[in-house]
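Below: one structure, written as structure tokens.
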Amino acid sequence: MRLLQITDTHLFAQAEGQLLGIRTADSLAAVLAAIQAQKQPYDLILATGDLSQDYTPDSYRRFADMAKPLGRPIFWLPGNHDDGPLMRQVMPDLGISNAQQILMAHWQIIMLDTQVYSVPHGWLKPEQMGFLEQCLNQQPDRFTLICLHHNTFPVGSTWLDQHDLKNAPDLLALLARFPNVKLVLCGHVHQESDLEHNGVRFISSPSTCIQFEPLSRDFGLDSKGPGWRYLQLYADGRVETQVHRLPAGCFIPDGAAGGY
């Protein structure tokens with residue numbers, strides 16, 4: 001199974017909307033054009049949160065319209081900058097699935113909601129934990145990819161890691177009971193990271209707009225270009241993945257910004 005991950009697009013209702021000096025619709029358009037130019041095959045698209053920056057129906061409509069030419073099913077989950085209830089209302093009408101469990105021949109993908117409305121950190125509510133446990137119990141013969149927005153483990157940026165998944169120990173305790181879980185994939189941190197814990201890989205991916213400076217004590221922006229991720233899931237549980245980026249200098253954020 002071949003997957004494309006797009007995350008943290010931070011779109012506005014208006015095409016001119018800017019985040020820290022970058023017009024996010026322009027950077028997403030450039031990413032999507034590069035994806036199409038690569039002609040690398042993928043079967044479905046995972047949109048892992050912060051699709052909007054202004055919480056508007058038109059920002060989600062913009063995302064759907066821009067992603068439609070990719071021609072593959074899109075599955076989403078909300079980030080801390082999204083309006084989760086609004087997304088559940090409008091996404092199906094835009095041709096984007098609300099499904100939280102995706103079953104394939106040898107794998108399942110579980111899309112979890114870590115949003116705590118109006119605050120930047122994440123939390124898996126009891127119903128989300130229960131849903132995850134139910135999916136894992138019901139599919140003992142399938143390998144599992146779990147998608148969420150917030151990072152489970154620190155990425156080494158002090159200011160950013162305070163906004164991680166706050167009940168990560170509960171998630172880790174649950175996963176320890178299910179050896180078929182192979183990968184936890186997130187957005188949120190606007191940078192790549194890849195670590196293994198108890199046989200599970202925890203991976204984060206770059207944003208399609210601004211990039212956060214790695215290993216920074218205070219808020220900082222990186223000069224790397226916007227990015228996206230491909231993943232290949234194999235029948236024996238192996239995962240291969242690659243990050244691709246636009247060239248550095250294509251979209252330069254406001255380096256004087258002290259936050260957002």
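The values are calculated or read from the model by the stated rules, or taken from the named source; none is laboratory data. Remember, predicted model here, so these are calculated numbers, not experimental data. As a convention, Cβ positions derive from the backbone with ideal geometry for all residues, glycine included, and neighbour counts pool all protein chains shown.
From the list Leu221, Leu183, Leu165, pick out the single residue that is surrounded by 18 or more Cβ atoms within 10 Å (Cβ to Cβ), farther than 30 Å from Phe131 by Cβ and touching a residue at least 40 places away in the same chain (Cβ under 8 Å).
Working: Leu183 fails: farther than 30 Å from Phe131 by Cβ; Leu165 fails: farther than 30 Å from Phe131 by Cβ.
Within the list Leu221, Leu183, Leu165, the selection yields Leu221.
Please count how many residues of the stretch 240-251 are touching a residue at least 60 places away in the same chain (Cβ under 8 Å) and under 17 Å from the mean Cα position of the chain (by Cα).
Residues meeting the conditions: 1.
For the subset of the stretch 89-110 comprising residues that are closer than 18 Å to Leu231 by Cβ, touching a Ser or Thr at 6+ places or on another chain (Cβ under 9 Å) and among the aliphatic types (A, V, I, L, M), which member is surrounded by the fewest Cβ atoms within 10 Å (Cβ to Cβ)?
If we take residues in the stretch 89-110 being closer than 18 Å to Leu231 by Cβ, touching a Ser or Thr at 6+ places or on another chain (Cβ under 9 Å) and among the aliphatic types (A, V, I, L, M), then Ile110 is surrounded by the fewest Cβ atoms within 10 Å (Cβ to Cβ).
Give me a count of the residues in the stretch 53-82 that are within 21 Å of Leu185 (Cα to Cα), surrounded by fewer than 20 Cβ atoms within 10 Å (Cβ to Cβ) and of a type in the set (D, E, K, R).
1
Mind checking which residues of the stretch 21-34 are surrounded by fewer than 20 Cβ atoms within 10 Å (Cβ to Cβ) and under 18 Å from Ser205 (Cβ atoms)?
Passing the criteria: Ala30, Leu32, Ala34.
Do any residues in the stretch 124-140 that are within 15 Å of Val184 (Cα to Cα) and at pLDDT 95 or above have Cβ atoms under 8 Å from those of residues that are of a type in the set (Val, Ile, Thr) and part of a helix (DSSP H, G or I), where the two are at least six apart or on different chains, and which pairs are they?
From residues that are within 15 Å of Val184 (Cα to Cα) and at pLDDT 95 or above, there are no pairs.
Can you tell me which residue among Ala30, Ala25 is in contact with a Lys or Arg (Cβ under 8 Å, 6 or more places away or on another chain), modelled with pLDDT of 95 or more and among the small types (Gly, Ala, Ser)? Quick ask: steps written out before the conclusion?
Details: Ala30 fails: in contact with a Lys or Arg (Cβ under 8 Å, 6 or more places away or on another chain).
From the options Ala30, Ala25, the qualifying one is Ala25.
Checking Lys182 against (1) in a loop (DSSP other than H, G, I, E, B); (2) touching a strand residue (DSSP E or B) at 6+ places or on another chain (Cβ under 6 Å); (3) of a type in the set (D, E, K, R), only one condition comes out false. Which one?
(1)
Pull up the stretch 186-210, narrow it to residues that are of a type in the set (Gly, Ala, Ser) and out of contact with any strand residue (DSSP E or B) (no Cβ under 6 Å at 6 or more places or on another chain), then point me to the one that is surrounded by the most Cβ atoms within 10 Å (Cβ to Cβ). Show your work before the answer.
First, the residues of the stretch 186-210 that are of a type in the set (Gly, Ala, Ser): 187, 193, 199, 204-205, 207.
Next cut, out of contact with any strand residue (DSSP E or B) (no Cβ under 6 Å at 6 or more places or on another chain) only: 187, 199, 207.
Values: Gly187: 29, Gly199: 11, Ser207: 27.
Result: Gly187.
Hey, Phe131 hits all of (1) touching a Lys or Arg at 6+ places or on another chain (Cβ under 6 Å); (2) over 24 Å from Arg229 (Cα atoms); (3) aromatic (Phe, Trp, Tyr) but one; which does it fall short on?
(1)
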